[in-house]
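Student: Take this structure first; my questions come after.
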Amino acid sequence: MATLANITSVGARLRKVWVTAGCGNAWHGPCSTGSLQALRPYSASAASSSSGAAEGDFTADQDPGDALVPGGVRVYRRQRAEHERSFRWGIGSKFREQSANRFTPVHKPHPMNTVVRDDYYESSNPNIAWDELREGWEVYWYENSKLTARPFPVKKFGIEKAKTEAFKFFDELEAAGRLGQRPRMEQPQDGVFYDQRMQSWVCFFWRGGRPHSRCFAATKYGYDGAKTLAIAKQNDPISGVLPARGSGGIAEVLRVKGKPPQELKYKGGPTGNKY
């Protein structure tokens, strides 16, 4: 059995190798993986020798200087191109994927710092893009002639899994045959076109020697209905599809006269009736 002096001597030698390997203070501070691996052979040999050897008996192959590899300490270095980033809304995990375990309150930031590879934001699929504002991946596709999107935020799935799940979901859409073609807004005639920003059919026409334009919202008249109104308005700038009186260009139903200004005076009274 090793004596107390022998154990103390082995501990002192181990501490010397620990500091030599670049780990700072004994048992404190960060240590690289290579330094720990460099300590492993010596610690094993020193522990075995302490049980069978006499007090203060150490051979040459058990010297602390031989514990370090002749080529030097193996230090782990990250080789990939990466940068440090702070995710404002947090970084998710398998635990955060559950709705009951999401970050609360959801409207407040939960910043978390990490290291991200430089090519993380690149996408080989134009229908899958990184959304900087929401800090997540967005999958875009057309279904039933309508643009649809589904987010995969980092705050829910995590950094790498958010991107993996986005590409996986797009493959599922393709396998299910849900990927439609982007609808083409062809002009039925010159001067009539569909405005994507206004979501309306627009027509240009001349009246009284001056150019005019009219917009017919698809949300109000429907896609085909707004298109029909725009074509009719260009073909008949005076009336369009509604009957007009004279050459004023205003439909008959819009020419209903209201009360004159004299009848719209404030009547007063205790009830406060204005008209």
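Student: I'm told Leu133 meets every condition in (1) of a type in the set (A, V, I, L, M); (2) surrounded by 15 or more Cβ atoms within 10 Å (Cβ to Cβ); (3) closer than 15 Å to Phe87 by Cα except one. Can you identify the failing condition by its number?
Tutor: So the condition that Leu133 fails would be (2).
Student: Given the conditions (1) open to solvent by 80 Å² or more (accessible area, probe 1.4 Å); (2) assigned to a loop (DSSP other than H, G, I, E, B); (3) closer than 25 Å to Ile91 by Cα, report the number of the one that Asn125 does not fulfil.
Tutor: It is condition (1) that Asn125 fails.
Student: Among the candidates Phe167, Phe157, Phe152, which residue alone is hydrophobic (A, V, I, L, M, F, W, C) and either open to solvent by 40 Å² or more (accessible area, probe 1.4 Å) or more than 27 Å from Pro111 (Cβ to Cβ) (or both)?
Tutor: Phe167
Student: Keeping to the range 216-231, report how many residues are open to solvent by 70 Å² or more (accessible area, probe 1.4 Å) and over 35 Å from the mean Cα position of the chain (by Cα).
Tutor: Filtering the range 216-231 down to residues open to solvent by 70 Å² or more (accessible area, probe 1.4 Å) leaves 219-221, 223-224, 228.
Subset that is over 35 Å from the mean Cα position of the chain (by Cα): 221, 224, 228.
Result for the range 216-231: 3.
Student: Which of the residues spanning the range 103-119 are surrounded by 15 or more Cβ atoms within 10 Å (Cβ to Cβ), touching a residue at least 40 places away in the same chain (Cβ under 8 Å) and under 17 Å from Lys161 (Cα atoms)?
Tutor: Val116
Student: Quick check on Ser213: is it farther than 18 Å from Leu147 by Cβ and in a loop (DSSP other than H, G, I, E, B)? Outline the logic, then answer.
Tutor: Values: farther than 18 Å from Leu147 by Cβ: yes; in a loop (DSSP other than H, G, I, E, B): no.
Considered against the rule, which asks whether it is farther than 18 Å from Leu147 by Cβ and in a loop (DSSP other than H, G, I, E, B), Ser213 comes out as no.
Student: Looking at Phe87, is it within 14 Å of the chain's Cα centre (by Cα) and open to solvent by less than 70 Å² (accessible area, probe 1.4 Å)?
Tutor: Details: within 14 Å of the chain's Cα centre (by Cα): yes; open to solvent by less than 70 Å² (accessible area, probe 1.4 Å): yes.
Answer is yes for this residue.
Student: Would you be able to say whether some residue in the range 132-139 is of a type in the set (Val, Ile, Thr), under 23 Å from the mean Cα position of the chain (by Cα) and outside any strand (DSSP E or B)? Steps first, answer last, please.
Tutor: Within the range 132-139, the first condition is being of a type in the set (Val, Ile, Thr), and the residues that meet it are 139.
Still in the running and under 23 Å from the mean Cα position of the chain (by Cα): 139.
So of that shortlist, the ones also outside any strand (DSSP E or B) come out as none.
Taking every residue of the range 132-139 in turn, none turns out to be of a type in the set (Val, Ile, Thr), under 23 Å from the mean Cα position of the chain (by Cα) and outside any strand (DSSP E or B).
Student: Follow-up question, since we're still on this one. Just name the residue that is farthest from the chain's Cα centre (by Cα) out of those in the range 194-211 that are loosely packed, with under 10 Cβ neighbours inside 10 Å and of a type in the set (D, E, K, R).
Tutor: Out of the qualifying residues, it is Arg210.
The values are calculated or read from the model by the stated rules, or taken from the named source; none is laboratory data. Keep in mind that this is a model prediction, so the values were computed, not measured. Reconstructed Cβ throughout: ideal geometry from the backbone, glycine too, with neighbour counts over all protein chains shown. Surface areas here come from the heavy atoms of the whole protein model, side chains and all, with no ligands, DNA or RNA. Shrake-Rupley method; radii C 1.70, N 1.55, O 1.52, S 1.80 Å.
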